[in-house]
Amino acid sequence: MRLEHVILGLLALRPVSGYDIRKWMDGKGKYLGYDVQLPQIYRTLPRLVDSGWAEFDVDPREGRPDAKVYRLTAGGRDALLDWARSPYEPSPRPADPDFQLRFLFAGQLGPEYAIAVLRTELDYRLAHFGEPGWMDFTALGLDPIPDIDTTWVRKLHLAAHEHGYASTAAYIAWLQLTLARLEGEAGLPPSRAPYRGVGHDNP
């Protein structure tokens, strides 16, 4: 996920300044797990203008520096649509910001974009969920310092992996529920079987 696409997605909603973008990232955006610093935003905005994807007006501010308020151009709209239509490749890490941002900013262009991203993400998670041997700690090949109890270490590893397993199971359930809801609202038949919990087949 490139910052350019995040900014184009925000500009598709309304004209914004660089400071507005940072405020969004500090507010609603922080729940998506994506964070950039204000200098990165200010470096990216001129590149969008140079590419013909955005343009700006100067908003005079009394007693403060004038602000540049950016808006999306026709070229920026085309770039956003091209990105939304490009193949989405899931990250090995569940709930990666790339998925969250693609789902939000590509999905806001229409149900077909959000549904396509959800289907791809869900299929990938189900294919890799609970892979054989993922909780086998007997072959860690430990050679620890004297302070470490290997039995205790294995218990800690198990607890940490159980947390990841439970989090991924909940994430898959959310993907299933959201996909079923959006498909229903779009008048589409269910394309995936409902998630039935850990220990069941989920084709």
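Can you pull out the residues in segment 35-85 that are part of a helix (DSSP H, G or I) and surrounded by 18 or more Cβ atoms within 10 Å (Cβ to Cβ)?
I41, T44, L45, L48, G76, A79, L80, W83, A84 - these are the residues of segment 35-85 that are part of a helix (DSSP H, G or I) and surrounded by 18 or more Cβ atoms within 10 Å (Cβ to Cβ).
For the subset of segment 174-200 comprising residues that are among the hydrophobic types (A, V, I, L, M, F, W, C), at pLDDT 90 or above and closer than 22 Å to H163 by Cα, which member is surrounded by the fewest Cβ atoms within 10 Å (Cβ to Cβ)?
For segment 174-200, the residue satisfying everything is L177.
Every residue in segment 85-116 that is among the hydrophobic types (A, V, I, L, M, F, W, C) and under 9 Å from the mean Cα position of the chain (by Cα), please.
A95, F99, L101, F103, L104
Is it the case that some residue within segment 118-127 is in contact with a strand residue (DSSP E or B) (Cβ under 9 Å, 6 or more places away or on another chain) and β-branched (V, I, T)?
No, segment 118-127 contains no residue that is in contact with a strand residue (DSSP E or B) (Cβ under 9 Å, 6 or more places away or on another chain) and β-branched (V, I, T).
When P97 is evaluated against the numbered criteria (1) within 23 Å of A127 (Cβ to Cβ); (2) crowded, with 19+ Cβ neighbours inside 10 Å, which criterion, by number, is the only one it fails?
So the condition that P97 fails would be (2).
Could you grab the pairs with beta carbons closer than 6 Å, sequence gap of 6+ or different chains, first residue in segment 46-75 and closer than 16 Å to D20 by Cα, second one in a loop (DSSP other than H, G, I, E, B) and of a type in the set (K, R)?
Every condition considered, the pairs that remain are A67/R61.
If I ask for residues that are of a type in the set (A, V, I, L, M, F, W, C) and in contact (Cβ under 8 Å) with a residue 60 or more places away in the chain, which ones from segment 11-45 would you list?
L11, A12, L13, L32
What is the number of the single condition among (1) loosely packed, with under 13 Cβ neighbours inside 10 Å; (2) out of contact with any Ser or Thr (no Cβ under 7 Å at 6 or more places or on another chain); (3) at pLDDT below 85 that P144 does not meet?
(2)
I'd like to know if segment 119-128 contains one or more residues that are assigned to a helix (DSSP H, G or I) and within 23 Å of K30 (Cβ to Cβ).
Within segment 119-128, one or more residues are assigned to a helix (DSSP H, G or I) and within 23 Å of K30 (Cβ to Cβ).
Quick one: would you say R154 is assigned by TED's automatic domain parsing to the domain that holds H128, basic (K, R) and at pLDDT 90 or above?
no
Looking only at segment 145-171, count every residue that is farther than 23 Å from H128 by Cα, among the β-branched types (V, I, T) and part of a helix (DSSP H, G or I) and tell me the total.
3
What about Y171, is it within 28 Å of D35 (Cα to Cα), surrounded by 12 or more Cβ atoms within 10 Å (Cβ to Cβ) and at pLDDT 85 or above?
yes
The values are calculated or read from the model by the stated rules, or taken from the named source; none is laboratory data. Computed from a predicted model, the values in this text were never measured in an experiment. So basically every Cβ, Gly included, is an ideal-geometry build from the backbone, and we count neighbours across all protein chains shown.
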